[in-house]
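The values are calculated or read from the model by the stated rules, or taken from the named source; none is laboratory data. Here the structure is a predicted model, which is why all the values come from computation and not from measurement. No Cβ is skipped: glycine too gets one built from the backbone with ideal geometry, and neighbour counts run over all protein chains shown.
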Amino acid sequence: MIHPRSSVFNHLLDRITQMPVVDCHEHLRGPERDLKDRPREPIAALTTMYLINDLCSAGATDREIGILEDPATSTDEKWPLFARLWEACRHTAYARVTCLMLKHCYGVEEITRAALEHVAEHLAEQDETYYLRLFEEAGIKAVIADALFPPPWERPVRYFGSPVLQQFLQNKFRLPRSWRPVFSLPYYHEIRLREFVDFVGSLAEQNVTSLKEYEEALYTLIRCAVQKGVIAFKDQSAYRRIIAYDLPTRDEAERLFNRLLTDPRQQLAWPEAKPLDDYLFHQMMRWARELHLPVQIHTGHLAGSRNRVDKANAKHFTSVLELHREVRFDLFHGNWPYMADALFLAKNYPNAHLDMCWVHMIDPLYSQELLKQAVMTVPHTKISGFGGDYFLSPEHSIAHLMLAREVIAAALADLIESGWLEEENAIQIAAGWLYNNPNRFYQLGLPDFVP
């Protein structure tokens with residue numbers, strides 16, 4: 001609990017728990033794929049995505065991380081290692097989400113070796129009905145899913161092509177009815193190899209012989225994807241580059257692109273490729289304007305270990321907000337740890353919105369403070385309150401939502417108790433953050449919620 005128990009907090013949390021939710025960001029691909037690919041060994045399942053990062057931070061070597069993530073290594077072999085590392089990080093927010101998941105979904109109060117057998121039994125019994133019921137019971141009415149590119153364990157293929165997008169365009173990639181896919185941009189502007197150019201051309205049934213033809217082929221794919229249900233662009237380039245985009249000329253970009261066409265064995269390196277990368281990114285923002293697509297931008301904290309968060313600070317993105325004024329941007333993850341920059345951009349740029357996906361379990365107290373300050377500085381209609389941000393494990397996303405509801409209740413309870421808000425105002429704001437704001441921002445067409 002991150003707020004002292006009080007009648008105001010308790011009543012708010014009760015009301016907020018009953019509200020419908022738009023889950024603004026997931027990597028979940030639906031039961032058909034997630035249940036097939038998720039590990040059934042319980043420690044590998046529990047450490048999916050984020051807890052494994054805290055175990056690494058606690059001192060696990062690369063070899064030890066490999067053991068914990070290996071679904072073929074037995075739980076008995078993993079347990080002594082996991083138990084030692086768990087003890088070091090059991091109080092982090094990632095660990096809290098894991099504990100909430102175990103209690104809420106599996107009835108497990110404490111992680112013990114015996115409890116893991118109970119988890120393994122549950123993992124073996126999961127089916128599509130169970131998977132979808134989790135979201136229904138949590139009140140999640142729509143899931144905005146970044147699912148149309150290869151998952152992390154197939155990362156090497158990403159710069160050569162995207163078989164997932166190909167399947168989607170051919171109506172062979174089935175998503176649940178409430179899932180709304182986004183189109184992931186980075187690999188289409190981070191061109192390094194001729195193979196990827198040929199892949200885009202093949203999907204558009206066009207032999208690409210110039211930068212202009214590449215743009216035409218890519219635009220054809222994007223329009224087709226929108227017709228099949230894509231509702232937004234998503235860009236997470238911050239993992240590999242600073243999110244400051246210059247305005248290179250077409251000639252500068254074309255010179256680099258032509259090198260790949262002239263010699264298919266050529267490869268472009270960073271920062272040499274930046275003019276081409278930046279040019280294509282801006283072209284995609286023009287398409288976002290034309291197609292009325294909002295754009296999700298990764299800002300702040302980066303998953304994994306040993307990356308540079310400074311390059312992901314949303315302040316670097318200011319020139320894009322200035323230039324593309326008719327494009328609506330959803331700035332992700334609360335820009336952790338750069339709160340002031342996030343608040344400044346949302347306050348001063350009409351096309352900048354803030355999205356709290358992932359950040360509740362990165363740092364709940366930061367999230368609570370960001371939401372409190374946002375009420376005082378930013379129109380509350382510009383905040384989206386939740387995104388689970390998980391691969392494979394729907395239970396983790398549901399547990400993350402439980403934590404997010406607690407954070408939102410804590411932030412609003414503080415503002416009520418300080419005299420800034422009346423309780424009914426706070427209820428309206430919470431309903432906006434969790435449901436009404438993202439419903440309108442992403443034009444989902446769901447009925448408004450009146451609390």
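The strands (runs of 3 or more DSSP E) found entirely in segment 293-399 that carry 1 or more residues being crowded, with 24+ Cβ neighbours inside 10 Å and in contact with a Cys (Cβ under 7 Å, 6 or more places away or on another chain) are 352-355. Identify, from the list Thr92, Thr17, Thr98, the residue that is surrounded by fewer than 16 Cβ atoms within 10 Å (Cβ to Cβ), closer than 18 Å to Val407 by Cα and under 23 Å from the mean Cα position of the chain (by Cα). Result: Thr17 is the single residue among Thr92, Thr17, Thr98 that is surrounded by fewer than 16 Cβ atoms within 10 Å (Cβ to Cβ), closer than 18 Å to Val407 by Cα and under 23 Å from the mean Cα position of the chain (by Cα).
Residues in segment 147-200 that are in a helix (DSSP H, G or I), under 14 Å from Phe233 (Cα atoms) and modelled with pLDDT of 90 or more were compared, and the one that is nearest to the chain's Cα centre (by Cα) is Pro186.
Condition test on Arg259, is it surrounded by fewer than 20 Cβ atoms within 10 Å (Cβ to Cβ), in contact (Cβ under 8 Å) with a residue 40 or more places away in the chain and among the charged types (D, E, K, R)? For Arg259, the condition - surrounded by fewer than 20 Cβ atoms within 10 Å (Cβ to Cβ), in contact (Cβ under 8 Å) with a residue 40 or more places away in the chain and among the charged types (D, E, K, R) - is not met. Looking at the structure I just gave you, is Ala244 part of a loop (DSSP other than H, G, I, E, B), in the same structural domain as Asp310 (by TED's automatic domain parsing) and touching a residue at least 60 places away in the same chain (Cβ under 8 Å)? Taking the combined requirement at face value, the residue satisfies it. Taking segment 422-451 as the range and being modelled with pLDDT of 95 or more, out of contact with any Leu (no Cβ under 9 Å at 6 or more places or on another chain) and not in a helix (DSSP H, G or I) as the test, the residues that pass are Glu422, Tyr442, Gln443, Leu444, Gly445, Leu446, Pro447, Asp448, Val450. Annotation note: of Ile67, Ile52, the sole residue that is part of a helix (DSSP H, G or I) and either surrounded by fewer than 18 Cβ atoms within 10 Å (Cβ to Cβ) or in contact with a Phe, Trp or Tyr (Cβ under 6 Å, 6 or more places away or on another chain) (or both) is Ile67.
For segment 165-183, a residue qualifies if it is within 24 Å of Leu276 (Cβ to Cβ) and either of a type outside the set (S, T, N, Q) or surrounded by 22 or more Cβ atoms within 10 Å (Cβ to Cβ) (or both), and the qualifying residues are Leu165, Val182, Phe183.
For segment 400-421, a residue qualifies if it is closer than 23 Å to Val22 by Cβ, of a type in the set (A, V, I, L, M, F, W, C) and not in a loop (DSSP other than H, G, I, E, B), and the qualifying residues are Leu401, Met402, Leu403, Ala404, Val407, Ile408, Ala409, Ala410, Ala411, Leu412, Ala413, Leu415.
Before we move on, is Arg286 at pLDDT 95 or above and either buried (at least 22 other Cβ atoms within 10 Å of the Cβ) or closer than 21 Å to Tyr442 by Cβ (or both)? Criteria met by Arg286. Cβ-Cβ distance below 7 Å, separation of 6 or more or different chains: which pairs start in segment 200-216 with a residue that is more than 17 Å from Asp251 (Cα to Cα) and end on one that is surrounded by fewer than 14 Cβ atoms within 10 Å (Cβ to Cβ) and not aromatic (Phe, Trp, Tyr)? Pairs found: Gly201/Asn207.
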